[in-house]
Structures are given as C-alpha cells and as structure tokens.
1. With a ≥ b ≥ c taken as the square roots of the eigenvalues of the C-alpha gyration tensor of segment 193-330, please select rounded if a/c is under 1.5 and otherwise prolate if a/b is larger than b/c or oblate if it is not?
2. Based on alpha-carbon centroids, what's the gap between segment 190-209 and segment 250-267 in Å, whole number please?
3. For segment 80-329, what log10 I(q)/I(0) values come out of the Debye formula at q = 0.09, 0.14, 0.15 1/Å, with one point per alpha carbon and no solvent?
4. Which order, highest average first, do 205-212, 124-131, 316-323 follow once you tally other Cβ atoms within 10 Å for each residue and take the mean per peptide?
5. Counting other C-beta atoms within 10 Å, which of 119, 292 has the fewest, and how do the rest follow?
6. Sort 259, 178 so the one with the fewest other Cβ atoms within 10 Å of its own Cβ comes first.
7. Suppose the chain between residue 169 and residue 145 were pulled fully straight at 0.36 nm per residue; how much longer would it get relative to their current alpha carbon spacing?
8. Full extension from residue 295 to residue 188: what is 0.36 nm times the residue separation minus their Cα-Cα distance, to one decimal in nm?
Ligand SMILES: [Ca+2]
Ligand SMILES: [Ca+2]
C-alpha cells in the first residue's frame, strides 16, 4: 500500500492551486516557484513572491503570525521526511526520549494526513462504524443510533483523544491571551484561537496525528473535553455503540482502551509538563494498556503516522516489536 504520493499531490494541489498561473520550464514563475514534473506538485523557492500570490496559504499565514525568535515551519506537506527507526532499548536503561511532531504545522493539514492514514481502515474509533471517502458514516455497519438526530451524527470528524482543551490550558496564550491576539475591532482574545496564533508548540501539539482519530461528530461533540474513566453500568444510549458518557466522564469500548491509553502515554512523553495525564488516570491507563495490548492495525497505523509526521511513537513501536518477538518465540522448535 502506498497512499502517500497520491495524498501529497492532492494536498499540494489544494494548497497552491491559485498560484499556478503560468509555470514555465527551468525558471521560476511569477509566484516564486515551479512545477515539479518529476515528483509532482509545486516547489517554492521564493517565499516572499509565493506569499504575495497566495496570502492565504498555510505557510504564509504561519509566517505572519510567528513571534520573533520562533522558527517558521515552512516544510510543505509535500515533503515529510522519512522516520528513522528507534534504537531498540537495551535492558536496564531508561526508555528513549520521545520526540513529538515537528513537521505538521496546522490542524487543517493534520486532518488531511489523518484521513490518508486511515484510508484503508475507515472505521470510527469509539463506535467501530464504517465511513466512506466523503466522511459519511454508515450507521447500519455498527448498529449506531443517533441520540440527537443532528447532522453531526452522520459525519466523521477528527477527534483529539487527548483533548486540545486539556493541554491548551497549560499555555499562557490560552489562559491569559497574548499581545498579538487582537481582532480587527481591537479586542483581545484568548483560548484556543490565541494559542493557535501565538504558540508554534500549541499548533504542533494540536496537529499531532498520533492523537487524531476518526469519530462520529455526535460522539466527538458529546465527549467534549471529558476525561477517560471506568463508569459503572452498561447503558447503551447510541444503539449498539459501546460508549458511555456521564457526569463529565467518558468510557470507551474495551477494544480501544489500550489504544487510548497509549495515545495518552505518547502525548505525555512527547510534550512533558502539559498536564496530559492526571495521577488518577495514570493507573487507569496502565490497566487499559495491559488489558488491551497492541494489535495489527494499531501497529500499522503507528507506522503510517511515522511516515507522514516523521517521528516514531516509541511506546507503540516498542510494544509492536515485542509482539512480533513474542509471536516468534511461541513458534514450535524443530531440531
Ligand atoms: Ca461501563
Ligand atoms: Ca485495541
């Protein structure tokens, strides 16, 4: 399966379509770049010219909103670098430091990549429903019944398993605002929009694909920023979908509890000091991690994300390596 080139061409086409007025071979066009006939897509050489033609391109907006001293992530989505394989941990040493997302600079780009990552596994996380290429959910595939009847019950959205609100609160731009967070009327704003505008780290965390999963919009909405928990009882409020939402807590189905726990572990390791796991939930997630170990899809998904995003999720990758070793050691020996 090689879905990346197709998606990259698509993303590039969306991003730069207005720019390609007249690309002529060899030199740069009036927008500071040229078409790449070999690799496809469009290469930018002069960002000032490019942003003159395309003031609304993600990279150009980003350059304008970066604060002095911040480095602009001008890596276009067309060139995610290949990940390097993590060194296998040697016994007795502490686990390798977990790197986070350094390449995908906006949530909009992340959503396109997340779609591609899940392209051959179009199954919503919480309810296990199939969805199509237009992100329309097939309720009959999973026995889903909408509670609200809202349009969001029919569509897939990209869910932050670790809610953006949860780590956003750790940013001063979110809590207090920033001198750059002033709207056209001269009014200051804070919250998510200010964190997005003023903090490159927040943008990278928000765009980390390891934390993004397809979910039915209705469930995404009702989950809000609730924390994960074991909830007593098994009410079914959404037909056969085994999800419980009660009193500000959220209980996912058993088959994905380990996936969720490892997503929290990854985010906590990649972005330390952001209050991602409460003390109470650390022991809950350790139990979920044990009871729902990695499976084939979780390992494939992590490998695909690494390809798009450039950093390896060492928590999942190590579990997947151990799974392979365990399977090999269980094979019968013949001398
Ligand atoms: Ca329950
Ligand atoms: Ca699982």
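A short reminder: the numbers here are calculations on the coordinates, not readings from a lab. Predicted model only: the values in this text are computed from it and were never measured. Cβ sites come from the backbone with ideal geometry, for glycine too, and all protein chains shown count toward neighbours.
1. Oblate, because a/c is 1.5 or more while a/b does not exceed b/c.
2. Segment 190-209 and segment 250-267 have Cα centres spaced 23 Å from each other.
3. Cα-only, vacuum Debye calculation for segment 80-329: -0.41, -1.00, -1.15.
4. Ranked from most to least packed, the peptides come out as 205-212, 124-131, 316-323.
5. 119, 292
6. In order of increasing Cβ crowding within 10 Å: 178, 259.
7. Between residue 169 and residue 145, full extension yields 5.3 nm more.
8. 33.8 nm
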